[in-house]
2 protein chains.
Amino acid sequence: MEKRRITLKDIAMASQVSIATACDVLNNKPRTRVSETTRQRILETASRLGYQPHRGARSLRTNLHHLIAVSVLLAPEMPFSPFASELVSGAFKAAREEGWHITVSGYRDIQEELRQLEEIIAERSVDGVIIYEPVEDDPRISLLKGKMPFVLIGSYEKEEVYSVDLDNEGAAFMATQHLIALGHHHIALVSAPRHYLTCRSRQRGYRQALLQAGIPFDQSFVVEVEEYSSQAGAQALEILLQRNQPRPTAVVAMDDSLALGIIYKAHQHGLHVPDDLAVVGFNDARYTEYSEPSLTTVRVFAEAMARQATQMLIRLIRQEPVGARHIVMPAQMIIRRSCGSWKKGKSVFQNDAGSKGGY
Amino acid sequence: MEKRRITLKDIAMASQVSIATACDVLNNKPRTRVSETTRQRILETASRLGYQPHRGARSLRTNLHHLIAVSVLLAPEMPFSPFASELVSGAFKAAREEGWHITVSGYRDIQEELRQLEEIIAERSVDGVIIYEPVEDDPRISLLKGKMPFVLIGSYEKEEVYSVDLDNEGAAFMATQHLIALGHHHIALVSAPRHYLTCRSRQRGYRQALLQAGIPFDQSFVVEVEEYSSQAGAQALEILLQRNQPRPTAVVAMDDSLALGIIYKAHQHGLHVPDDLAVVGFNDARYTEYSEPSLTTVRVFAEAMARQATQMLIRLIRQEPVGARHIVMPAQMIIRRSCGSWKKGKSVFQNDAGSKGGY
DNA sequence: CTGAAAGCGCTTACAG
DNA sequence: CTGAAAGCGCTTACAG
């Protein structure tokens, strides 16, 4: 399995230049212009011999491992959510475009995850970290701050950090407005706990939409659940139905798995979705197209977000200029059947992707 | 962000031994016994100073990067399946236990994935590869064979390779037998294409169960779909219903997403699940507990499989004795409602996990 | 049995 | 402007 490795020295000899020159040319260093012919000769030799720099050697010199850790906290009963999965793909692709690798943790338990990160920091086996789904006073952030470059996917209030986030407020606004346009006045919101900052922004968007429509905000219509799962969604609807309010006629759920649980529980109560209860999810987990009824949801471009975050992080690590400190990405409504707009024939949004009958 | 790094030299000086001795002790090399006191002194100093070997330096010397690539091929419309996600977690954890990292690709397109692997092989930026879901004549295997150690998750017929696999035959046997025990005779199988080796084994298990029960095998009850998706599942049921056979009264689907599509389509045709059509899925994607009806499925211990594969691969890379070349892991039936056994009150299997009211 | 020294393949400060 | 040489932090073959 072992062929002798092609080294810089080989390239230098074969191109009749010094190792230093070969190194500079191959790394595109500014130095003096080597004559264009020499330059080409070196490049050509390298590609002919299939030269690949030795990552270990490079890393020993530069103290860069070209490795990024992606820290994703998983919901207790859920493996990588569709959202997190796209994040991983996006980060991998963006990393590879720069010749980097990613390593993906993915613990269910924050303590385990912290231990992991501590170890990684101590080892310095990684050059930077992407943190997904930060919570308030996220201990991962305190751990990393000042020790290692990192970029958040999500947003953070306490400190100035680099981040790529969804326009959560706008997205929730859009979802709520859609239901309002369908004539709903009693619109519930099922959200993760408020220490998830994402959810805080989304709650703002929800309130904005109500405000704009002149619908009074009613705190009891907001249920916060401990995790994103169908089970939690089912429980949330139970709570909403047991309260003495006028029953909600519509729900916005902050994740598709919550929405599925809500629909499940609605059916158990003999409520028809969408006639008795309109439901809108979040994140566009693909399988929700085939739930009964198919789920209207807010699609989030997770892969694109991860790409941005990865590129940003690599620039940070290289100490190159980074550009914007925060990037905010838009979302898109996917109209299917659980919101009932297909019955009323009206929607404030175009139904792009949803209408293609697939994707 | 930069403190001076603690090196072996620091440890050696502080412990008043040579660098070589420090190195040996810290790496647990057989060498002579250093006196136990010295040994302890070195260990203690290292931990006091927080010594962490420099991965780059080590890699330059040993030509090992302590990095494994995990190659997962994604279904076109699906991000990491729950199964693949658990694989990733399992591989990560097992890798970290040895101080290694994993890098996760995850392309939808086999050509892209191959290009990726080729690049990784050329760079030698990775010490080995875990391949998930090999197909017949898998081009990834030809690519890696003889160039880099790899372990399959799944099985392979053409060549002797190292692998960790589910007992696919046994699992499908179990699922089919469960339906037979419920009185079904017309049991359909919705499978991925036969070039997925996993499915081939499962088809065998299905036939075995029929055979044992004296039910004739009918090829037209087997539908092969191109991908694991709800859409494909829905189409498969359409095909089964249009054929002129006695309509199947039960279906085993090789993936939960197929099963969901089947249930969806059954409802569209006015068929009640499980009364008119019993459905059993595969893989126990968590959300299927909340589908309507909740899905009876075969749980697969993906995380454990990935752990095994990772440990095996690391041993291969280190050229340590590996033990078994193939490891086969069992599956477990999770009985919920879509198979209808709760109505008939009989099942040949214990309902362990399914009865806990959770997962 | 133990330590000094070479060398892995790069990058870069320095000398010419 | 360009090349020779030092050195990053390890591991190991070799000398004592």
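Quick note: the coordinates plus some simple rules give every number you see, no bench work behind them. Computed from a prediction, not measured in an experiment: that's the story for all the values here. All Cβ positions, even for glycine, are placed from backbone atoms using ideal geometry, and neighbour counts span all protein chains on display.
For this structure, a couple of remarks:
- The mean sequence separation of alpha-carbon pairs under 8 Å and at least six residues apart, normalised by the residue count of the stretch B:8-53, gives a relative contact order of 44 percent.
- Structure-based [θ]222 nm, chain B - -39500 (n - 2.57) summed over DSSP H runs of at least 4, per residue, nearest 500: -13000 deg cm²/dmol
- For trypsin sites (Lys or Arg not before Pro), the sites in the stretch A:6-63 that DSSP calls loop and that have at most 16 other Cβ atoms within 10 Å are A:31, A:33.
- Ascending list, in nanometres, of distances separating the residue A:97 label from those of the other copies (7 Å, Cα toward Cβ): 3.7
- Each 10 Å bin from zero holds the following percent of Cα-Cα pairs in the stretch B:264-322: 19, 30, 18, 15, 12, 5.
- Amide H contacts under 5 Å for residue B:327, placed H, 5+ residues apart: B:163, B:164, B:165
- Stretchable slack from residue B:344 to residue B:247, in nm (0.36 nm times residue separation minus alpha-carbon distance): 32.8 nm
- Residues of the stretch B:276-298 with an amide N closer than 14 Å to a point placed 7 Å from the Cα of residue B:239 along the Cα-to-Cβ direction: none.
- Between residue B:296 and B:281, B:336, B:337, B:338, B:339, the built amide H atoms are under 5 Å apart, and every one of these is 5 or more places off in sequence or on another chain.
- Annotation for the stretch A:177-231: chymotrypsin sites (Phe, Trp or Tyr not before Pro) lying in DSSP loop with at most 16 further Cβ atoms inside 10 Å of their Cβ are A:217.
- The phi-based Karplus calculation (6.51 cos²θ - 1.76 cosθ + 1.60; θ = phi - 60°) puts the 3J(HN,Hα) values of the stretch B:153-162 at 9, x, 10, 8, 9, 5, 9, 6, 10, 8 Hz, whole numbers, x for Gly and Pro.
- Residue pairs, from the table A:29/B:9; B:9/B:93; A:29/B:145; A:343/B:265; A:147/B:93; A:145/B:29, whose Cα atoms sit over 25 Å apart: A:29/B:9; B:9/B:93; A:29/B:145; A:145/B:29
- Pairwise centroid distance, computed over Cα atoms, of the stretch B:257-316 with the stretch A:37-55, Å: 50
- For the stretch A:136-204, convex hull volume per residue from C-alpha positions, Å³: 78
- Alpha-carbon spread of the protein assembly as shown, three principal axes, descending order, Å: 77, 68, 62
- Shown here are the Rg and Dmax of the Cα trace of the stretch B:59-174, at 14.4, 51 Å.
- If only the Cβ of Lys and Arg carry +1 and only the Cβ of Asp and Glu carry -1, the dipole of the stretch A:282-324 around its Cα centre is close to 280 debye.
- Per-q log10 I(q)/I(0), chain A, q = 0.10, 0.12, 0.14 Å⁻¹ (Debye; single scatterer per alpha-carbon; no solvent): -0.69, -0.88, -1.08
- Inter-copy label distances for residue B:324: 5.3 nm (label point placed 7 Å from Cα along Cα→Cβ; shortest first).
- Expected-Rg normalisation [2.2 N^0.38 Å, Cα atoms] applied to the stretch B:1-121: 1.48
- Distance between the 7 Å Cα→Cβ label points at residue B:19 and residue A:167: 5.7 nm.
- Compactness of the stretch A:8-53, taken as the C-alpha radius of gyration over 2.2 N^0.38 Å, stands at 0.98.
- Paramagnetic label zone (point 7 Å from Cα along Cα-to-C-beta, residue B:213; backbone N under 12 Å) in the stretch B:224-265: B:249-252
- Label spacing, shortest first and in nm, from residue B:115 to its equivalents in the remaining copies (7 angstrom along Cα→Cβ): 4.1
- FRET efficiency, residue B:160 to residue B:319 (Cβ-Cβ, R0 25 Å, nearest 0.05): 0.90
- For the stretch A:143-249, dividing the convex hull volume of the Cα atoms by the residue count gives 118 Å³ per residue.
- One quarter of the convex hull surface built on the alpha carbon atoms of the stretch A:84-144 amounts to 4.3 nm², the projected area averaged over directions.
- The stretch A:18-142 - charge dipole about Cα centre, Lys and Arg +1 at Cβ, Asp and Glu -1, debye rounded to 20: 1260
- Two tests apply to each whole DSSP H helix in chain A, Cα reach of 27 Å or more along its axis and mean Kyte-Doolittle hydropathy of at least 1.6, and none passes both.
- Simple Cβ-charge dipole of the stretch B:203-355, Lys/Arg +1 and Asp/Glu -1, about Cα centre, in debye nearest 20: 480
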